[in-house]
1. Would you please name the residue that is modelled with the highest pLDDT, looking only at residues in region 1-15 that are part of a helix (DSSP H, G or I) and under 13 Å from residue 130 (Cβ atoms)?
2. Against the condition over 16 Å from residue 178 (Cβ atoms), part of a helix (DSSP H, G or I) and touching a helix residue (DSSP H, G or I) at 6+ places or on another chain (Cβ under 9 Å), how does residue 89 come out, does it pass?
3. Residues that are at pLDDT 50 or above, surrounded by 17 or more Cβ atoms within 10 Å (Cβ to Cβ) and in contact with a helix residue (DSSP H, G or I) (Cβ under 6 Å, 6 or more places away or on another chain): does region 157-174 have at least one?
4. Only one of 132, 76, 181, 113 is part of a loop (DSSP other than H, G, I, E, B) and modelled with pLDDT under 95. Can you tell me which?
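The values are calculated or read from the model by the stated rules, or taken from the named source; none is laboratory data. Just so it is clear, the model here is predicted, and its values are computed rather than measured. Don't worry about glycine lacking a Cβ; one is built from the backbone with ideal geometry, like all the others, and counts go over all protein chains shown.
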């Protein structure tokens, strides 16, 4: 369907999605700069850093778990964490971001992350759902069984009409976790990034203090 034939509501949504894609990287730099500013403004408290792990570690686990199931653009994944929520990767990212806001004890950082999610990821999720609806006939039935973000308590049964992805691995057939898929999606980068952020929480301020004293 061409954009000229779309209803005005869908046209507006597509326009905002294009804007969201353009501002995603610049907005990410703004949030990163705000993170550094908040970190330099006030030393993080060890107790807050410890409590943040209660959100960051489950978020990393959920993203890694989901990465071992999802076969993007080839199959409507309905097993593993996708039997509980349609967007486990985004949910994992939310948990990680919330964890670092807790580590900083910063309402400013929390508000910035919430704004970034609403401005960037809500339109991206909507765009991805339109693609899945066009590509996989069983997507609407899947939506009726599994919530968009907040997970259900019990796993939903997968549709019998899964689209074959052409993957000849046993994981693709049985719907089990695939470490090969985890590596293919390079989800280990999330763990590396979180480790670097924790190192910055622990050592950035002391390191800069040593540097300033050395320059005096």
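1. Let us first name the residues in region 1-15 that are part of a helix (DSSP H, G or I), namely 3-5, 8-15.
Then drop every residue that is not under 13 Å from residue 130 (Cβ atoms), which leaves 3, 9-11, 13-14.
On the way: 3: 48, 9: 62, 10: 66, 11: 68, 13: 66, 14: 73.
Residue satisfying both the conditions and the ranking: 14.
2. Details: over 16 Å from residue 178 (Cβ atoms): no; part of a helix (DSSP H, G or I): yes; touching a helix residue (DSSP H, G or I) at 6+ places or on another chain (Cβ under 9 Å): yes.
It is false that residue 89 is over 16 Å from residue 178 (Cβ atoms), part of a helix (DSSP H, G or I) and touching a helix residue (DSSP H, G or I) at 6+ places or on another chain (Cβ under 9 Å).
3. The answer is no, given that none of the residues of region 157-174 is at pLDDT 50 or above, surrounded by 17 or more Cβ atoms within 10 Å (Cβ to Cβ) and in contact with a helix residue (DSSP H, G or I) (Cβ under 6 Å, 6 or more places away or on another chain).
4. After ruling out the rest, the residue left standing is 76.
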